[in-house]
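**Student:** The structure's right below; bear with me while I get my questions together.
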Amino acid sequence: MTPTTQPRASRNARMSKGDVRFETAIVILLAILTVIIIYPLVYVVSASFSDALMVAAGRVFLWPVSVTTDNYMQVFKNQSLMSGFRNSMIIMAMGTALNLVMTILAAYPLSRRNLWGRNVLMKMITFTMFFSGGLIPTYLMVGKTLGLMNSWLALILPGAISVYNMIIMRTYFTSSIPYEIQEAAEIDGASHFGTLMRIVLPLSGPVVAVIGLYYAVGHWNSYFSALLYISKESLQPLQLHLRKVLILNSSQTMMDMASDEAARQAMRAETIKYAVIVLSSVPMLIMYPFVQRFFIKGVMIGSVKG
Amino acid sequence: MAQLDLRNVRKFNQQNRITRNWQLYLMLLPVVVYFVVMAYGPMYGVLLAFKDYKVRRGILGSPWAEPLMKHFVRFFTSPYCERVITNTVVLSLQSLLWGFPVPILLALCVNEVRNSTYQKFVQNVTYAPHFLSTVVLVGMIRSFTNTDYGVVNLFIRALGGEGYNWMQRADLFRPLYIGSGMWQNAGWNSIIYIAALSGIDLEQHESAMIDGASRWKRIWHINLPGIMPTIVTLLILNSGYIMSVGFEKVFLMQNDLNLSVSDVISTYSYRIGIESAQYEMATAIGLFNSVINMALLVMVNAASRRLGDTSLW
């Protein structure tokens, strides 16, 4: 993500023996850490592609044993997981779009030095970061006053602006986009909307991408608001279905074929969970490398002076 | 006379600034509506904590509680009160103690690696778990620690031990919660420090190298002080959440066998408020929680401003 900060030649020239040993120690330390972090992920993927009996018998440690896609086939057959997947995609797309529009609409005016009342507004908004009505008043507001029970709006309206992300974006606007460019555009007759659309946003691709990623991940992964507001099964997002399968242990019911041996079925159910975990994380895995490019760019643009 | 002129000029400027910026105010309109409805609306809803709620009469129309603080008293005298407060504070303090320093160390280490391919590899791997959902994370813990098939127990048995269900042991709840949290977020939380490190002036490093400073010395005397404002700011922000352990993960990890350590304020008020619909008492608990958090934040911020020069406001 971050480019190495020191010029290579001058650093090499000055590496003492102690420094070399120091760096070797750090490289090894990081290698150990990386293995600790990557192992559970590798195991999940390997187990998901392994025969259930092999996983249960403890034959899978690192790589798949008796490779099969059976586990995935079982997941694809499960209607409620698939509908949850679709619902989550739609909620994530709608929610993220709303998040970005609202965050930009807040961050841009508040980044303008000459906006009268800016400080008061900023204080009112920051205050909500640290003090909130709490669970029940919010629940009554969204569910009862606004009547959003069993509506996806209940999942996307309450968190439409994350104050934290708004502050990041506002900081980017003030620190990485020269105020003089905006002033020049306005002297040339551009309106504020024009300046935002044609000057500020085109220069803010990286920060918009990164914050969009934050929001998208948040929508994809959240289950609490759905737990509160969405009781109709056909409307529930993926995470609620995952909870039933992974946490509440109803995966036996996922099996279409009735097996005679209960133990065998339990083994299969355990292994199918790994396939469920992998599938549910696929959208994040696809999105991440794509947005990560922007992230590098964002940091670089931020560090270029002038 | 002069004073009067000045006032007119100022007034004119102010009017000018408002009318010239009408588009900016238009942009802010939906934002203001959002915060009024979604943030300040529920804040008015905390009145509920002092009322006897009658659904049909609304919050304002419902009669005041008699005595006014009765829902608070009920919470503080309930047998669960001490347990949930203790559990919340212990869990979040322990999380902070273990979880806060690791991303800083990680960032300092990653910054020292000069092979940029390796550096990127380490970063991308350590960020990855952050993208797993809480449900998936807890699902993984459950599967890994399953008595019969879990990989953790496979290892234990391979080493000659006896397998057991980790999730059903109260003494393992905190280590599992904190450990999995570190596994999931250490890498992601290091990003902000890595970004701060890349902003440190090169000249400082160059002149230190000319003076013969070792890498360890440069980390200690240049990098660490360089990211200190970031560290302090994040510490202040985190201290504002000491009384609020996130609901999502605890709720999923909770079961009858670990309730004695896993029952925290947020899960308790969920049970009281949503499951048994005692809105007033749950609101009172939430309000108590918010007030404590706010007070902690103000205190830590004031202390930090007095000790150093970093503060949030």
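**Student:** Spin-label point model (7 Å from Cα, Cβ direction): what's the A:M149 to A:L203 distance in nm?
**Tutor:** That separation, rounded to one decimal, is 5.0 nm.
**Student:** Separate question: From zero outward in steps of 5 Å, how is the percent of C-alpha pairs of the stretch A:90-221 spread across the bins?
**Tutor:** Spelled out bin by bin, the stretch A:90-221 gives 2, 9, 17, 19, 19, 14, 9, 6, 3, 1, 0 percent.
**Student:** What is the average number of partner chain Cβ atoms found within 10 Å of a Cβ in A:101-109? Before the final figure, lay out the partial values.
**Tutor:** Details: counts 1, 3, 1, 2, 8, 7, 2, 3, 8.
Mean number of neighbouring Cβ atoms from other chains: 4.
**Student:** Tell me, what is the per residue accessible area of chain A in Å², probe radius 1.4 Å?
**Tutor:** Roughly 46 Å² per residue, with all protein chains present.
**Student:** If you build a Gaussian network model of chain B, linking Cα atoms that sit under 10 Å apart, which residue out of B:S78, B:S214, B:S62 swings the most?
**Tutor:** Of B:S78, B:S214, B:S62, the Gaussian network model singles out B:S214 as fluctuating most.
**Student:** Using a 1.4 Å probe on the protein heavy atoms, what percent of the accessible area of the protein assembly as shown belongs to carbon and sulfur? The partial results should precede the final answer.
**Tutor:** On the way: 19070 of 29270 Å².
Percent of accessible area from carbon and sulfur atoms in the protein assembly as shown: 65.
**Student:** When all C-alpha to C-alpha distances in the stretch B:134-264 are sorted into bins of 5 Å, what percent of pairs does each bin hold, rounded to whole numbers?
**Tutor:** Histogramming the stretch B:134-264 at 5 Å steps yields 2, 9, 13, 15, 12, 10, 9, 9, 9, 6, 4, 1, 0 percent.
**Student:** Further question: Using Cα pairs closer than 8 Å and at least 6 residues apart in sequence, work out the relative contact order for chain A, in percent.
**Tutor:** 30
**Student:** Moving on. Of A:K144/B:K51; A:K244/B:K249; A:K123/A:K144; B:K51/B:K249; A:K17/B:K120; A:K244/B:K54, which sit over 23 Å apart, Cα to Cα? Kindly include the intermediate steps, with their values, before the conclusion.
**Tutor:** Working: A:K144/B:K51 18 Å; A:K244/B:K249 15 Å; A:K123/A:K144 29 Å; B:K51/B:K249 31 Å; A:K17/B:K120 25 Å; A:K244/B:K54 34 Å.
Violating the 23 Å Cα-Cα cut-off are A:K123/A:K144; B:K51/B:K249; A:K17/B:K120; A:K244/B:K54.
**Student:** Can you give the direction-averaged projected area of the convex hull of the alpha-carbon atoms in the stretch B:210-288, in nm²?
**Tutor:** With the hull built on Cα positions only, its mean projection is 8.3 nm².
**Student:** Summed for both chains, how many Å² of accessible area, to the nearest 100, are buried between B and A with a 1.4 Å probe?
**Tutor:** Adding both sides of the contact gives about 9600 Å².
**Student:** Mind telling me which of A:S80, A:S48, A:S225 comes out most flexible in a GNM of chain A, alpha-carbon contacts under 10 Å?
**Tutor:** So, out of A:S80, A:S48, A:S225, the one fluctuating most is A:S225.
**Student:** So for the pair B:D171, A:S231, with labels modelled 7 Å out along Cα→Cβ, what separation do we get in nm?
**Tutor:** Going by the 7 Å Cα→Cβ label model, 4.2 nm.
**Student:** Counting just the Cα atoms, what span does the stretch A:75-306 cover along each of its three principal axes? Round to the nearest Å and put the largest first.
**Tutor:** Extents along the principal axes: 79, 41, 27 Å.
**Student:** Between the stretch B:251-271 and the stretch B:152-191, what is the separation of their alpha carbon centroids in Å?
**Tutor:** Computed from Cα coordinates, the inter-centre distance equals 18 Å.
**Student:** Which distance in Å, rounded to a whole number, links the C-alpha centroids of the stretch A:172-223 and the stretch B:117-134?
**Tutor:** 27
**Student:** Sticking with this one: Along Cα→Cβ, 7 Å out, is where each label goes; now give me the distance between the ones at B:N16 and B:A208 in nm to one decimal.
**Tutor:** Roughly 4.9 nm, to one decimal.
**Student:** On to the next question. Under a 5 Å amide H to amide H cut-off, with H placed in plane at 1.01 Å, what residues pair with B:K51 once short-range neighbours are removed?
**Tutor:** B:A65
**Student:** Please calculate how many Å² of accessible area chain B carries per residue, with a 1.4 Å probe and no DNA, RNA or ligand atoms counted.
**Tutor:** Accessible area per residue: 49 Å².
**Student:** Next question. What Kirkwood Rh does chain B have if only Cα atoms enter the pairwise 1/r average? Answer in Å.
**Tutor:** Hydrodynamic radius (Kirkwood, Cα pairs) of chain B is 24.2 Å.
**Student:** Next question. Report relative contact order for chain B in percent, whole number only (criteria: Cα-Cα under 8 Å, sequence separation at least 6).
**Tutor:** Over chain B, the number comes to 24 percent.
**Student:** Another question, then. Take every residue in peptide B:274-280, count the Cβ atoms of other chains within 10 Å of its Cβ, and give the average of those counts.
**Tutor:** Taking the mean over all residues of the peptide, I get 2.
**Student:** Return, for the Cα atoms of the stretch B:10-146, the radius of gyration and Dmax in Å, separated by a comma.
**Tutor:** 25.8, 72
**Student:** While we're looking at this one, here's another question. Convex hull over the Cα atoms of the protein assembly as shown, averaged projected area in nm²?
**Tutor:** Approximately 35.4 nm², given one-decimal rounding.
The values are calculated or read from the model by the stated rules, or taken from the named source; none is laboratory data. No experiment lies behind these values; they were computed from the predicted model shown. With ideal geometry, Cβ positions are generated from the backbone for all residues, glycine too; neighbour counts draw on all protein chains shown. Quick note on the areas: whole protein, heavy atoms, side chains included, nothing else; ligands and nucleic acids left out. Shrake-Rupley method; radii C 1.70, N 1.55, O 1.52, S 1.80 Å.
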